[in-house]
There are 2 protein chains.
Amino acid sequence: MTRQVTSLSPTFSPLYRQIKELMMSSLEAGEWGPGDAIPSESELALRFGVSQGTVRKAIDEMAAENLLVRRQGKGTFVATHNDPRSFFRFLRLVPNEGGLQQSHSEPIECWRAKAGQDVARVLGLEVGKPITIVRRLLSFDAEPVVLDEIYVPSDLFPDLSLEILKGSDQSLYSMYESRYGVRMIRAEERIRAVAADKSNADLLRVPEGSPLLLVERVAFTYGNKPVEWRRGFYSTQKHHYLNELG
Amino acid sequence: MTRQVTSLSPTFSPLYRQIKELMMSSLEAGEWGPGDAIPSESELALRFGVSQGTVRKAIDEMAAENLLVRRQGKGTFVATHNDPRSFFRFLRLVPNEGGLQQSHSEPIECWRAKAGQDVARVLGLEVGKPITIVRRLLSFDAEPVVLDEIYVPSDLFPDLSLEILKGSDQSLYSMYESRYGVRMIRAEERIRAVAADKSNADLLRVPEGSPLLLVERVAFTYGNKPVEWRRGFYSTQKHHYLNELG
DNA sequence: CAGTGGTCTAGACCACCCC
DNA sequence: GGGTGGTCTAGACCACTGA
């Protein structure tokens, strides 16, 4: 482990953050895959030539960012969307009353297209690059609640198709992870109120013109790379979007 | 400092968390007021009879919860809503394009009433207790964007009136803090899409029936005590609600 | 029981701020 | 220069897990 000269460096970063960057590389390179246990703190300390406390602080930050999950007595694990605990991390819609509901995702269509200006800008692609578009309906207790239009670059998800979507029983992000090796770690949502058009209204079984939430989401993988754009139309008759402000 | 017997205690909590609770009491009791510097880490370590590292970990958690603010070389300070840095902590509405906008809050009405069932439930009051209701219009660059209906228990904000609201140039939460000693530390927002009624539509200068965001917020002070309920109608023509999903 | 993460300590030194 | 928070270390011990 090479220590940097700190006092003269204009871009000083503490040792634990350098360790964190090294560990991020291991995650990004797939040395530690989703669900895997990473080496123990003492092993990592040995490998990087620092004290256990320094490794610990690096892991602390990564756990706070939901990249790693610590389990006392067992070890530290790479977070995965397969874990039911992280299932609702990206879906903030909850029923107005009552507890957990049975959720079901019904794929409607899936086709290829060329990236228009908007998608290209959001996903950092060149205009005209192939993208894959998915429409799907999400239901709670058999009532349609969310209509999603999902845009992803085709090169990252080469064989994504309606058949594959229908054959999968996992969440979409679980499938991205296990089938395409793309892990979503962060997202931004922009929310507006809009009136339902004919097509959306029919699918969500609400009158045309009804107010809907429009939730536009950009999801990012390692290195802050945007890889999915999504427009979700939420019917908020019996559900609402819940947000905690710290 | 009395250390607890750890291994036999069914409600084990580590030392740093006990220190944190003691410090929370100091905050709640007003020993350290908003904006004040709290004692240095070494002083606190001495006072509580623990090592500096343990105090540090307690402060770490409180800083992560936005209760304290660390400033290297200067000290650790009690967070305050007067600080411009924490101004947008609770307002997630941002313009679709362009940067900062001039914001202006215009109080419309302010009156007393008795708590109905809904307000009483949300604020943990008895039905019939006196509450104060405020309506106000928030504008960005002189365009009305948010119409708020705000419900607070009158006993906590005894002399709240239209005159006081009009005379104040601070944010509402700054005023709660400096005038009534009530500090908001956390909030929950529930978001739905609704159609504008006549009154809201006129004030927000949109057609009647236009889709609006309805943002219902419960804000909490120390000890997770709810002290404000708020229904905000957001016009999302030129703005949107921004949410980061970690 | 051994191995993991979690807590706590004491001490050294660095970076930052202000007098 | 003296005070503050920030980093790093080495070592001890505790709590939890699973064989």
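The values are calculated or read from the model by the stated rules, or taken from the named source; none is laboratory data. These numbers were taken from a predicted model, which means no experiment stands behind them. With ideal geometry, Cβ positions are generated from the backbone for all residues, glycine too; neighbour counts draw on all protein chains shown.
Give me the strands (runs of 3 or more DSSP E) completely within segment B:66-173, filtered to those with at least 3 residues that are buried (at least 17 other Cβ atoms within 10 Å of the Cβ), ordered by residue number.
Details: elements: B:68-71, B:75-78, B:93-95, B:103-114, B:130-140, B:143-153.
Because the criterion is at least 3 residues that are buried (at least 17 other Cβ atoms within 10 Å of the Cβ), the strands (runs of 3 or more DSSP E) in segment B:66-173 that meet it are B:75-78, B:103-114, B:130-140, B:143-153.
Hey, among the residues in segment A:174-211 that are part of a loop (DSSP other than H, G, I, E, B), of a type in the set (A, V, I, L, M) and within 14 Å of another protein chain (Cβ to nearest Cβ), which one's nearest to the chain's Cα centre (by Cα)?
Result: A:Met184.
Could you check, for segment B:140-160, whether at least one of its residues is under 18 Å from B:Gly33 (Cα atoms), modelled with pLDDT of 95 or more and of a type in the set (A, V, I, L, M)?
Within segment B:140-160 (the criterion being under 18 Å from B:Gly33 (Cα atoms), modelled with pLDDT of 95 or more and of a type in the set (A, V, I, L, M)), the answer is yes, since at least one residue qualifies.
Does segment A:212-246 hold any residues that are aromatic (Phe, Trp, Tyr) and in a loop (DSSP other than H, G, I, E, B), and which are they?
If we filter segment A:212-246 for residues that are aromatic (Phe, Trp, Tyr), which is where we start, we get A:220, A:222, A:229, A:233-234, A:241.
Scanning segment A:212-246 gives no hits.
Among the residues of segment A:55-88, which ones are away from chain B (no Cβ under 14 Å) and within 14 Å of DNA strand C (Cβ to nearest atom)?
Hits for segment A:55-88 are A:Val55, A:Ala58, A:Ile59, A:Arg70, A:Arg71, A:Gly73, A:Lys74, A:Gly75, A:Thr76, A:Phe77, A:Val78.
Which one is nearest to DNA strand D (Cβ to nearest atom), of the residues in segment B:18-31 that are surrounded by 14 or more Cβ atoms within 10 Å (Cβ to Cβ) and under 11 Å from B:Ile59 (Cα atoms)?
My answer is B:Met23.
From the residues in segment A:89-99 that are within 13 Å of chain B (Cβ to nearest Cβ) and not hydrophobic (A, V, I, L, M, F, W, C), which one is nearest to A:Met23 (Cα to Cα)? Can you show your working first?
At the first step, the residues of segment A:89-99 found to be within 13 Å of chain B (Cβ to nearest Cβ) are A:89-97.
Subset that is not hydrophobic (A, V, I, L, M, F, W, C): A:89, A:92, A:95-97.
Values: A:Arg89: 23, A:Arg92: 30, A:Pro95: 39, A:Asn96: 41, A:Glu97: 42 Å.
So the residue we want is A:Arg89.
Can you tell me which residues in segment B:35-54 are within 13 Å of DNA strand C (Cβ to nearest atom) and in a helix (DSSP H, G or I)? Before you say what the answer is, go through the steps one by one.
Filtering segment B:35-54 down to residues within 13 Å of DNA strand C (Cβ to nearest atom) leaves B:37, B:40-42, B:44-54.
Passing the criteria: B:Glu41, B:Ser42, B:Leu44, B:Ala45, B:Leu46, B:Arg47, B:Phe48, B:Gln52, B:Gly53, B:Thr54.
In segment B:32-43, which residues are in contact (Cβ under 8 Å) with a residue 12 or more places away in the chain and buried (at least 16 other Cβ atoms within 10 Å of the Cβ)?
B:Trp32, B:Pro34, B:Ile38, B:Glu41
Can you tell me how many residues within segment B:40-71 are among the polar types (S, T, N, Q), near DNA strand D (Cβ under 9 Å from one of its atoms) and either under 18 Å from B:Ser86 (Cβ atoms) or in contact with a Gly (Cβ under 7 Å, 6 or more places away or on another chain) (or both)?
1
Against the condition of a type in the set (Asp, Glu) and over 27 Å from A:Gly232 (Cβ atoms), how does B:Glu228 come out, does it pass?
Values: of a type in the set (Asp, Glu): yes; over 27 Å from A:Gly232 (Cβ atoms): yes.
Yes.
Which residue out of A:Glu126, A:Glu143, A:Glu109, A:Glu149 is within 24 Å of A:Leu162 (Cα to Cα) and free of Cβ contacts under 8 Å to residues at least 60 places away in the same chain? Even if it seems obvious, please write down each step before you answer.
Working: A:Glu126 fails: within 24 Å of A:Leu162 (Cα to Cα); A:Glu143 fails: free of Cβ contacts under 8 Å to residues at least 60 places away in the same chain; A:Glu149 fails: free of Cβ contacts under 8 Å to residues at least 60 places away in the same chain.
Result of the check over A:Glu126, A:Glu143, A:Glu109, A:Glu149: A:Glu109.
Within segment A:226-242, identify whether any single residue is surrounded by fewer than 21 Cβ atoms within 10 Å (Cβ to Cβ), closer than 21 Å to A:Glu65 by Cα and without any contact (Cβ under 8 Å) to a residue 12 or more places away in the chain, and answer yes or no.
No: zero hits.
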